[in-house]
Each structure stands twice: as structure tokens, then as C-alpha cells.
Protein chains: 2
Amino acid sequence: MKLAILGFGTIGGGVYEIVNERKSPALMDCEVVKILDLPQNKDKLDIIVCDIKDISEDETIDVVVETMGGIHPAYEFIMDCLAHKKHVVTANKAVVAAHMEDFLQAAKENGVKFLFEASTGGGIPWLESIKKARRIDEIQSFYGIFNGTTNYILDSMNKENKSFEEALKNAQALGYAERNPSADIDGYDVSNKVVISSALSFDLRIGVKDFPCYTMSTISFDDIQFLKSKGQMIKYIGEASVKDGAYEAFVMPNVVSATSLEANVPSNFNLISLYGETIGELKFYGQGAGKLPTANAIVEDVLDIKEGISFGEVSLKKEIAYSDTLQGHTYLIRTNKMYDEDIVDCVEHVGANYYVSTKSITTKDFVAFASKVLADDPQAMIAKYK
Amino acid sequence: MKLAILGFGTIGGGVYEIVNERKSPALMDCEVVKILDLPQNKDKLDIIVCDIKDISEDETIDVVVETMGGIHPAYEFIMDCLAHKKHVVTANKAVVAAHMEDFLQAAKENGVKFLFEASTGGGIPWLESIKKARRIDEIQSFYGIFNGTTNYILDSMNKENKSFEEALKNAQALGYAERNPSADIDGYDVSNKVVISSALSFDLRIGVKDFPCYTMSTISFDDIQFLKSKGQMIKYIGEASVKDGAYEAFVMPNVVSATSLEANVPSNFNLISLYGETIGELKFYGQGAGKLPTANAIVEDVLDIKEGISFGEVSLKKEIAYSDTLQGHTYLIRTNKMYDEDIVDCVEHVGANYYVSTKSITTKDFVAFASKVLADDPQAMIAKYK
């Protein structure tokens, strides 16, 4: 089986290493034969090409692995390769979340596979586990730590008593966070993963703007200490659930018990759970990013294609609506003034901070209240109790 | 696809419920058509038969699910069904650990599958995850909580300050522990699972008596408190690893950090990890036992057979030896007298207890020391530091 890789950065390099250099027995007859990279990198390896046509129009290539990231030109290149009847495997969550239908339809029309295990949960076998569970169960919900950067920051704030800024700086120095960390800390990355996981779990096509998303960048040293004193921790969570023909989803900080598995996920690891009718709760833990774990997930997809393994296709057939009154939840907001709305259950005044816990309220009431608080205090910390 | 179930207890009943009553779309063309049970249960359901020949010689049956438990007559019945070219799926860890080669060879000779996902980790997709990981990686080690009964007891001792006896009694009342709990608390159950996981992870045929196994029944209320004061917890662990052409394995209490994932596994859940070269550490959490989770794992095997899905066959080709000098580890022993051997690192005297921590020593030295201590004090608690 002949492979081409689009993009020769960290992940693309990892795929090349696993397929062409490490060569497990299952990969003996697989080979990366072309890599698309920029003209200035042409001399790095003799299989580098600079024109997508050299790959999409090469009839000897069976599978194209896209590791460029970003929406354009990844979208056009993937569509080009699918149109030329090449299987496509990608780790690019942004382009999958934005253009899933186009890719799935083009793959179907051309009789090839479009797989994206590495886009969500990195090295964790998450998307295939959802598909496998669904052969028997309806998935009722998923929940978890989908982002290693923010987990590293929170773990470091909690264990080493670092401020958010210090922890972020360390994450950047270690290569866990980008120079512009917004995609991670403001939830765009997790939102993409919630969109992708919802498609797999519920056959549901949702957009990143269809559900509430709150930043974790306002979590302060004080907040961590306040929660610690109560045997609690804060983690950055993506989740969705389906009930009575409607769905809800959130990306936001969550207050969890210090003795929960989530609270004890160290460093930049991920932990993602699904809940099914007969299987109950299953949790999957591993590296959500990184060169070899992510490349490993890509190569697993390649091997599934080679071996004809599929636990079912992704279909986006369900037309169930988002509901902001589906279930009641309780929330914790830290802000700089007192609130005594009806929905407030209790307020704790610690130093300059007011910790406002709500009663169990609808998402609608919560979003309205959070908007009001954020208008008064843009640095307010907005969290949900697990 | 037509199924027969051998044994109509809890697990067999769960398989019947999932296949014949719940019927997910993937199971639409699957049906349990015969169930083997005792004559006195003949009237419970009109598909009950009492002679294995009614199943093994029925040419319309494709898959036989064995949920009787125990070695005999499960062994003979499985061999009979394989010889009649029926795929066999079992949850019976004892018979798999004891007779794996016979089953795998008979299945091969008859061109059918022999699958046993539910035998280890219950509802956790553990064995298939090992097979999948091995397409790319060598597995270096596995480690984890393989037994829900003992985890329930330890969790209850830790969180509710129960004595071992009280916790065991509660586990029995809840149906988590047998009236004779020895298989769980003395490690035979976990040893079987270590044998099975070693076959999948390392192609290695080992026996339950080939490696050290220590009971968890001597863990006392005092021990839990002693460790708690140090930010530690005790968990009952099965593990194995391969290095330099040899292997080591253990089943015994482990001292883990209170902030590890293992320490925070609640109730009767399991958490099992594998470590691979490129994927790093993957952990899987879920119900290791119970009617529907275990039945779910069985039905997943049935669906893999129906859909022709396989991540590779189990082969027992490796002839690497057990080594009791492979790696150094440190141990904690609680006993009623002082020891000052060379291998002792430090001793803490608390009440009537001596907590002896060893230096990093070989398994050989550890086993010799543990034997000596147990000869002096049969109630000594023997644990390994993670």
C-alpha cells in the first residue's frame, strides 16, 4: 500500500517514521512514497514534491495522509485527493469539524474511506471506540478532558501553585502551547472535538457556535485554592448528551471532586468518557497530542483501510435540535461583586472574590446570567459543577 | 447469524437480553436459538436444551457463547463446538487461562474463531485494544486493576474507614463477592487475567504459578491509615513486562500515590494500562464485571465474527523465560517484628506494626524475604511500590 503525506511537520514526520523507519510486521507492505512540502524544503528528502497534483494524480498512491492543519488549502487538497479516489486520513480537527459532510459525501461517491481518528483525542482510540460501542448501544453522553495544553496548565497551577500566566509560559516553553494560545485556552480546539465526537456518537451535525463555550483563561490561583479547600479541582471539559430527542453540549471549566479520575489526570494527558446503555461508563486515557501518539492514530486508520476493518460509517442523519432547557445543572461563578438573583443558591465572599453557586438551572438561564456577570466583570471565572 | 448460549446464569441472561430483546440495528439478523441449561430449568424458556449435542451437532448454529464458568465441562463443551466448526466466544477466564492453546489450535484447524474479550476486563475493550496497538507497537508492559471485587473492598476501606471484614461482607451483600471470596482476594482471578493478557501482549504462554502472587486479604485498616498519612493508597494490581528477552509478572497489592488514576478508581470499576513504544501509555476504565457490561463484550466478539473484523490472531510463539532478576523494585511489608536485613531500606514502627520498606531489589531477593516474613507472621501484608 502506497502512502503520501501532505505536510511534513511534527505529525507528518511521525507518520513517516512509523511507516518507513520503524516498520512493524503489519506495515511491511506499506510505504510513504511522496510528501508534499514547501519548495524551500525540497532537499530534505528525495520524495518531497511541491504540487498537490503530483500526489492526487499519481495512480499508484492509495492513501493520502493530511497533516498540514488549518482549513485552507487542507480542504481543497483533501477534496482533490478524494475526487481522485484516494483514501484520506487526517489529524486536522479544524477542517473535519468545518467540512465533515463534504468529505464524507465525496468519499462515499468515490468509493473510498475518509478517516480522522487522530483529530480527536490524539493517540487515544476514541472515535473508533464510539463506533464500536454503537454497534450495541445508543451513546447517551460523552464527557472529558480533550485538550492537553489546558490540562497541563491546570495541573501545574494545582500541583506547583503556579499562576495561570506562569503555567502558560511553561507550557509554551515545553511546546505544549502555541505562541498564540487562544485556540486551546478559549475552547476552539475542544469545541471542534465536541463537534466531531457528536457526529460519531449521535449521528449529529452541529456547529462550533451552536452551544455555550467559555474560556479557561480566567481561572486564577485564588480559584484553585478556593476549590482545593473544598476537596475540589477545576478541569477544562468538553461534553454533549442526548435526551428526549434533543441535545445539549458545553465547553467550559468544570468543578470536579478531587478524588475523581478527571481531577487526577496529570500533565498534558487526556481522559474521555462515553456512557452507553449496556456498557455503562467507559473511559479512555492517553496522549491527546504529540508526534508519535498522534502519528500512531493516523497509521491505525491506514491499517484499518488496508485490512478492510470498519465498525460502521459516520452518518449525519439525525436532525435533532439543540435545547437550552434540556436539563438542569449547577454552576460556579467567581466575580468581583455580589449577586442575589433567584437562581443564586449561595455566595461565598473570600478576599476580593465572590464565589456564586447557582441552583440547578436551565442552560438558558445560566447563559443569561453568565452574560450579565461577564458584562460587569470580564475577568469572571465561569464554571459548571460536574 | 444463529447463536447458542451455554449456561443461562447472569452473563448468559445478559447476552440473551442484548441479542434477542434489545436488538440494535447491527444485531437485527442475529438470534439466540438455543440455550444449554440444567433439566430443572427446562421450562424457563422454550429454547432451552439440556444436551450439548443438541447445540454442537446443530448445523444451523454459527456461534456458541460459553458462559458456564469453571474448567469442566466448559473445556469439553468448547472443544466439541470448535470441532463442529462453530465459532466460540467465552467470558470464562479460568478455562481460557488453563487451555488457551487447545482452543486456539482447534479453532485454527476448523477454520473458526475463538474469542474471549469478556474474560479479561469485563466490559472494557481491553484484549482487542492490545491486538490493535500491536499492529504498530511492541507492548512493553501492562498494569492495572483487573478485579472489581477487591477494588470495591479497598475503596470502601479507604473512603468509609471500614475494616477488611466489614468491606468484604458488604461486597458479598451487593453480589460483588462470592460466598467463598478466595478467587478474588487471593489473586487467582487476577492471575488468570495476567496469563491471558500476557498471551495477547507478548505472544507468551505463561501459567498462573509461574510468577509471584500475594493475597490482598491481609490489608488492614491500620495499613490504609498508615498509607493515607503519606498521601498513598493501596490497590490490588496485576502486571507484566518484557525486557531483554525475558519477562516478569506480579499479582499483589501495590502502593500508589493518592493522586494517581489507579488510587481514584471507585467502587468495583477496573482500570488497565498498556505501554507501547509510539503510543505511550493508554489506560482503559470501565466495569470489569456485571451482567450487561460483560454480555456487551461477548456480543462485541460475536459482531466481530459476523463482520469479519480482526486486528490479528493470538499466537503463542514466544519462548522467552520468566526472570526473577530482570528489574529492581521496592516493596512495603507490614509485619509484627523488626527486620534489619541488608535489603531493608527503612522500618517505621507504628503501634504494634512494623512497616518495612525495602531497597530496590530483585524479585528473587524479594520472594525470599517475603517467605521469611510470612513464616514468622502469616498475617503480614506484602505490597510492591508502583
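The values are calculated or read from the model by the stated rules, or taken from the named source; none is laboratory data. Everything numeric in this text was worked out from a predicted model, so none of it was measured. Cβ atoms come from the backbone with ideal geometry, glycine included; neighbour counts cover every protein chain shown.
Scanning region B:284-304 for residues that are closer than 26 Å to A:GLN287 by Cβ and more than 10 Å from every other protein chain (Cβ to nearest Cβ) turns up just one, B:GLY288.
When A:ALA183, A:ALA177 are checked against the criterion of being in contact with a Leu (Cβ under 8 Å, 6 or more places away or on another chain) and either of a type in the set (Gly, Ala, Ser) or not assigned by TED's automatic domain parsing to the domain that holds A:GLU281 (or both), a single residue qualifies: A:ALA177.
Scanning region A:277-301 for residues being closer than 30 Å to A:ASN20 by Cβ and not in a helix (DSSP H, G or I) gives a total of 7. How about region A:233-269: which of its residues are part of a strand (DSSP E or B), farther than 20 Å from A:LYS317 by Cβ and within 19 Å of the chain's Cα centre (by Cα)? Result: A:ILE234, A:LYS235, A:TYR236, A:ILE237, A:GLY238, A:GLU239, A:PHE250, A:VAL251, A:MET252, A:PRO253, A:ASN254, A:PHE269. Working only within region B:301-344, note down all residues that are surrounded by fewer than 16 Cβ atoms within 10 Å (Cβ to Cβ), basic (Lys, Arg) and modelled with pLDDT of 95 or more. B:LYS337, the sole residue that qualifies. Exactly one residue out of A:LEU316, A:LEU274, A:LEU332, A:LEU326 is more than 9 Å from every other protein chain (Cβ to nearest Cβ), assigned to a strand (DSSP E or B), over 24 Å from B:ASN270 (Cα atoms) and touching a residue at least 12 places away in the same chain (Cβ under 8 Å), and it is A:LEU332. Pairing each residue of region A:174-201 that is more than 10 Å from A:THR120 (Cβ to Cβ) with any residue that is of a type in the set (Asp, Glu) and outside any helix (DSSP H, G or I), provided the two are 6+ apart or on different chains, yields C-beta distances under 9 Å for A:ASP184/A:GLU178. Test B:GLY290 against the stated conditions and say whether it is under 17 Å from the mean Cα position of the chain (by Cα) and surrounded by fewer than 23 Cβ atoms within 10 Å (Cβ to Cβ). Yes. Looking at B:TYR75, is it out of contact with any Gly (no Cβ under 7 Å at 6 or more places or on another chain) and in the same structural domain as B:PHE269 (by TED's automatic domain parsing)? No.
Comparison of A:GLY144, A:GLY148, A:GLY122, A:GLY70 shows that the only residue that is in contact with a Pro (Cβ under 9 Å, 6 or more places away or on another chain) and either outside the structural domain of A:GLU300 (by TED's automatic domain parsing) or surrounded by fewer than 20 Cβ atoms within 10 Å (Cβ to Cβ) (or both) is A:GLY122. So in region A:233-255, with the set limited to residues that are of a type outside the set (Lys, Arg) and surrounded by fewer than 20 Cβ atoms within 10 Å (Cβ to Cβ), which one is farthest from A:ALA321 (Cα to Cα)? Ranking the qualifying residues of region A:233-255, first place goes to A:ASP244. Those strands (runs of 3 or more DSSP E) of region A:1-97 in which 2 or more residues are closer than 27 Å to A:VAL195 by Cα and touching a helix residue (DSSP H, G or I) at 6+ places or on another chain (Cβ under 7 Å) occupy A:2-6, A:63-66, A:87-90.
Restricting attention to region A:145-176, the residues that are among the hydrophobic types (A, V, I, L, M, F, W, C), part of a helix (DSSP H, G or I) and within 14 Å of chain B (Cβ to nearest Cβ) total 1.
Filtering region A:197-232 to residues that are part of a helix (DSSP H, G or I) and not aromatic (Phe, Trp, Tyr) leaves A:SER197, A:SER198, A:ALA199, A:LEU200, A:SER201, A:ASP222, A:ASP223, A:ILE224, A:GLN225, A:LEU227, A:LYS228.
Under the condition of being closer than 24 Å to A:GLU262 by Cα and either away from chain A (no Cβ under 14 Å) or of a type in the set (A, V, I, L, M) (or both), the residues counted in region B:223-271 number 19. Considering region A:1-57, the residues that are of a type in the set (Asp, Glu) and within 14 Å of chain B (Cβ to nearest Cβ) include one that is surrounded by the most Cβ atoms within 10 Å (Cβ to Cβ), namely A:GLU17. Of all the residues in region A:178-196, those that are in a loop (DSSP other than H, G, I, E, B) and surrounded by fewer than 24 Cβ atoms within 10 Å (Cβ to Cβ) number 5. The residues of region A:126-144 that are away from every other protein chain (no Cβ under 12 Å) and either assigned to a strand (DSSP E or B) or over 15 Å from the mean Cα position of the chain (by Cα) (or both), listed by number, are A:GLN140, A:SER141, A:PHE142, A:TYR143.
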